[in-house]
1. From the list GLY89, GLY81, pick out the single residue that is more than 27 Å from the chain's Cα centre (by Cα), of a type outside the set (Val, Ile, Thr) and closer than 25 Å to ALA172 by Cα.
2. Taking only the stretch 102-129 into account, find how many residues are within 11 Å of the ligand (Cβ to nearest atom) and either of a type outside the set (A, V, I, L, M) or open to solvent by 50 Å² or more (accessible area, probe 1.4 Å) (or both).
3. Regarding the stretch 317-336, can at least one residue be identified that is more than 10 Å from the ligand (Cβ to nearest atom), within 30 Å of LEU406 (Cβ to Cβ), aliphatic (A, V, I, L, M) and part of a loop (DSSP other than H, G, I, E, B)?
4. Just need a number here: residues in the stretch 240-267 that are part of a strand (DSSP E or B) and either of a type in the set (Val, Ile, Thr) or more than 11 Å from the ligand (Cβ to nearest atom) (or both).
5. Hey, can you tell me all the residues within the stretch 135-151 that are within 20 Å of PHE332 (Cα to Cα), open to solvent by 10 Å² or more (accessible area, probe 1.4 Å) and within 13 Å of the ligand (Cβ to nearest atom)?
6. Looking only at the stretch 399-422, count how many residues are surrounded by fewer than 20 Cβ atoms within 10 Å (Cβ to Cβ), closer than 15 Å to THR357 by Cβ and of a type outside the set (D, E, K, R).
7. Out of curiosity, is PRO353 surrounded by 18 or more Cβ atoms within 10 Å (Cβ to Cβ) and assigned to a loop (DSSP other than H, G, I, E, B)?
8. Consider ASN254 carefully, then state whether it is loosely packed, with under 14 Cβ neighbours inside 10 Å, polar (S, T, N, Q) and either in contact with a Pro (Cβ under 7 Å, 6 or more places away or on another chain) or over 14 Å from GLY147 (Cβ atoms) (or both).
Amino acid sequence: MASTYDYDLFVIGGGSGGVRCARIAAGHGARVGIAEAAHWGGTCVNVGCVPKKIMVQASEYARHAVDAAGFGWHPASGETGRLVHDWPGFIAKKDAEILRLNGIYVRMLEGSGVVLHEARAVFTGPHTLDVGGKAVTAERIVIAVGGHPSLQPHIKGMELGITSDDAFHLKAMPRRVLMVGGGYIGMEFAGIFHGLGAEVDVAYRQPLPLRGFDGELRQALADAVTEQGVRLHPTQTVHKVEAAGDARRVTLTNGHVVEADLVFFAVGRTPKTGGLGLDRAGVVLDSKGAVAVDAGNATTQPHIFAIGDVSNKLNLTPVAIAEGHNLADRLFGPSRPRTWAMDPVATAVFSAPPLATVGMTEEEAVVCGPMDIYTAHFRPMRHVMSGRAGKTFMKMIVEQSTQRVLGVHMLGDDVPEMMQGIGVALVAGATKQDFDRTIGIHPTSAEELVTMRTVTRVAGVAQAAE
Ligand SMILES: Cc1cc2nc3c(=O)[nH]c(=O)nc-3n(C[C@H](O)[C@H](O)[C@H](O)COP(=O)(O)OP(=O)(O)OC[C@H]3O[C@@H](n4cnc5c(N)ncnc54)[C@H](O)[C@@H]3O)c2cc1C
């Protein structure tokens, strides 16, 4: 019997997870609707990964231009050779690229037969939604509304600062920037603004940036950015922000005052569940305000699912996409849905220098007992010529008893590109011997990963003895 609902599946949110889920479900023959309240493509395309990476690349050219002198590049005689950055021109070009991507998302959805609603969707009941004033019913509903930058309203003057949502449309390039928060967004934008020529301070709560990452990697990043001239303020948060003309005067909790043109709060992200009418649908939140889901992404209502950042597991675009695709396959697709390994997941931070990581940190791996730690610090070939300071750092954590590689952590040029292949190796359960018997690619930095011969130190022994 044909369903009496308007749709077999309705997806709330046209971001990374929602678009994939809608598209794949429609491809399996389901009648699918999707609502997007702001911009097709969601956070990643509009105010996240994509424009961020474009800005990272813009910031790298200043360094490349300087480094080129080490390879014999000089201005022709009589010319100044000084490069200046056209901020408005760059932002306009970046916006045009994002607009192009928005269009691709719309065409992909329409091409799959999904019905698009450019409107906010709100639950009015377990199977009913208000979509921009229109009542819609659906047999199954997917919540894919993502998150938004967290605010800290208890900080006096916080409204004088910006969050990542604003950072992509600044009218002018700020000369002095205070980043508040040492998470990945804070460290990435510190690198962007510093690369583009700003003086940058970073204040963060922890002793080292990037809480949750491997301790040695965190230290390597802190050392590298300090060496470049970024001023780090560990164990500090903001006490108050005051206007000083167009500038900002920021007092940190230790009383230190930082003068900046831009105060950028990157203090975490919060699932976007407010005003969604979840109570009317009988959907329950967890203790951190994310939609509570089981291993199959089902909420407390078996016909309502949540994917991506709104369920606050691994808040990464490829994870949201994988969850959306897998869910659509399970609901409407073949008997064998496409699956992904959610542990380990390789990831990168596009700081300057960038870092990348997969698997356990040394701190996490102690539960596995004794481990061999291999590390390498070396000056990459490019910087022997360019004269730029800064070393590449690589670390491999190997479980002694099985020789299984538990984690790989790297900092330096190009390491995000290297890490995807290492991710495949770890998902496949590679051992140190698998790395050892792999022939390297020469001359690259990556070959260091298959030539680490000597154990740097043994760790986890004390814990194993306890
Ligand atoms: C600055 C920044 C940089 C990042 N960099 C990276 C990176 O390099 N790599 C990476 O993997 N991840 C990165 N991320 C994280 C990544 O963007 C998210 O993990 C990903 O976008 C999550 O996808 P999603 O589908 O869960 O939500 P989103 O992409 O946030 O999409 C949710 C969509 O739902 C819409 N919406 C919300 N409420 C409603 C409603 N009621 N009705 C209709 N529509 C609604 C929103 O407008 C939004 O478009 C970054 C994030 C930020 C903020």
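The values are calculated or read from the model by the stated rules, or taken from the named source; none is laboratory data. From a predicted model like this one, the values you see are computed outputs, not experimental measurements. All Cβ positions, glycine included, derive from the backbone under ideal geometry; neighbour counts span all protein chains shown. Surface areas here come from the heavy atoms of the whole protein model, side chains and all, with no ligands, DNA or RNA. Shrake-Rupley method; radii C 1.70, N 1.55, O 1.52, S 1.80 Å.
1. GLY81
2. Summing the residues that are within 11 Å of the ligand (Cβ to nearest atom) and either of a type outside the set (A, V, I, L, M) or open to solvent by 50 Å² or more (accessible area, probe 1.4 Å) (or both) in the stretch 102-129 gives 6.
3. no
4. If we filter the stretch 240-267 for residues that are part of a strand (DSSP E or B), which is where we start, we get 240-244, 247-252, 257-260, 262-265.
Next, only the ones that are either of a type in the set (Val, Ile, Thr) or more than 11 Å from the ligand (Cβ to nearest atom) (or both) stay: 240-244, 247-252, 257-260, 262-263, 265.
Count: 18.
5. From the stretch 135-151, those within 20 Å of PHE332 (Cα to Cα) are 137-144; that's our starting set.
This time we only want the ones that are open to solvent by 10 Å² or more (accessible area, probe 1.4 Å), so: 137, 139-140, 144.
The one that is within 20 Å of PHE332 (Cα to Cα), open to solvent by 10 Å² or more (accessible area, probe 1.4 Å) and within 13 Å of the ligand (Cβ to nearest atom): ALA144.
6. Selection size over the stretch 399-422: 3.
7. yes
8. Yes: the conditions hold for ASN254.
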